1. Most mobile of G90, G106, G162 per a Gaussian network model of the chain (Cα springs, under 10 Å)?
2. For the chain, which longest stretch is free of loop sites, where a loop site is one of the GluC sites (Glu not before Pro) that DSSP puts outside H, G, I, E and B and that has at most 15 other Cβ atoms within 10 Å?
3. Check cross-link reach from K202 to the aspartates and glutamates: straight Cα distance under 20 Å, and skip same-chain residues fewer than eight apart.
4. Using a/c under 1.5 as the rounded threshold, could you call region 164-304 rounded, prolate or oblate? The axes a ≥ b ≥ c are square roots of the C-alpha gyration tensor eigenvalues, and prolate needs a/b larger than b/c, oblate otherwise.
5. Taking only protein heavy atoms into account and a 1.4 Å probe, give the accessible area per residue of the chain in Å².
6. For the ranges 291-297, 129-135, what's the packing order if you count other beta-carbon atoms within 10 Å of each residue, average per peptide, and put the highest first?
7. Which residues does the label zone of K77 cover in region 97-123, counting backbone N under 16 Å from a point 7 Å along Cα→Cβ?
8. Say the cut-off is 31 Å between C-alpha atoms; which of K181/K255; K47/K255; K190/K255; K47/K181; K47/K140 go over it?
Amino acid sequence: MTLRNAFTLVEFLVVVAILSVVLSLLLPAVQAARESARVSICQNNTKQVSLAILSFESSNRVLPSNGWGYRWIYDPKRGFGVAQPGGWIGQIAVFAEFAIPNSAGGALEEFEQRTQINAMGWGLMRCPSRPNGLSLSSTKSAPVNAAYVALVGKTDYAANEGDFVTDTGGGPLSLLEGDRKSYVWTSTTKASGVIFQRSAIKLRDITDGTSLTYLVGEKYVSRSHYVDGEDRGYDQSLFSGVDLDLNRWTIEPPKRDDRSADVRRFGAAHSSGCNFVRCDGSVHQVSYDIDAAVHRSFGNRNDN
């Protein structure tokens, strides 16, 4: 009589059940390990951003400003300070060894250069826990000083404008208007953070102490609009001027990404918390359950 080695149906089902249990236990651990790695990368990004900002401050004795408004793109020809219509990210690029195209040509070549900047992505400014395409759908309007492009580079990190919303808007409609001394800018005297429209904050102005004041943090983005440009805080180029894309406030605690609209708040895609770097360069992960008053105070440079 010939004996055959084979599994019975019951044995097969038992093995399948055991494998299912093992996989159900293993997959969450793998996902947790991957997310932990992404959090570490994100924290390293914020650290590198802070080093670039502090290198800028060391060279210029002032923190970068945030430009004129969302209608503008960073202009390499206009340096930094009140003459620069683009925001803080363009101003620190050279200190992070990121090459921004320059032009020695005429006005047309410079316009094309700024259009190219409008579309550029920068991996350092992206959190790996969100969809990682460097260029995503943009707002439907063109900047004053560059052409419209459908895909623009995005930033997942925003500067701290404090606990008062200045609501500075899009800025002037031309360089001539913005350079004119008679142009009336929205008042920023109540801005309590460290980077805002045409700001010129020095480290000595941070009277609460650099270790107790946010510099940059992750920003909240609606999960419904990660890629379509419909979130007003995630629709502009990272090289634009002051906008909801480039700055956030500490009026409310940070929030984990969900499907709601919340364009002024810091936040993150991480389940563990939101990464911030303070003005001394130290990186901290802040819980979404942080006391609201404490969080608000970290956004204010001089509230004692």
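1. Residue with maximal mean-square fluctuation among G90, G106, G162: G106.
2. Details: sites that count: E97, E230.
In the chain, the maximal stretch lacking such sites is 98-229.
3. Within reach: E57, E161, D163, D280, D303.
4. oblate
5. Numbers: 14350 Å² over 304 residues.
Heavy-atom SASA per residue in the chain reads 47 Å².
6. With the highest mean Cβ count within 10 Å placed first, the list reads 129-135, 291-297.
7. Hits in region 97-123 for K77 at 16 Å: 101-118.
8. Correct reply: K181/K255; K47/K181; K47/K140.
The values are calculated or read from the model by the stated rules, or taken from the named source; none is laboratory data. Source: prediction; values computed, not measured. We place every Cβ from the backbone using ideal geometry, glycine too, and count neighbours over all the protein chains shown. Calculation scope for accessible area: heavy atoms of the full protein, side chains included, ligands and nucleic acids excluded. Shrake-Rupley method; radii C 1.70, N 1.55, O 1.52, S 1.80 Å.
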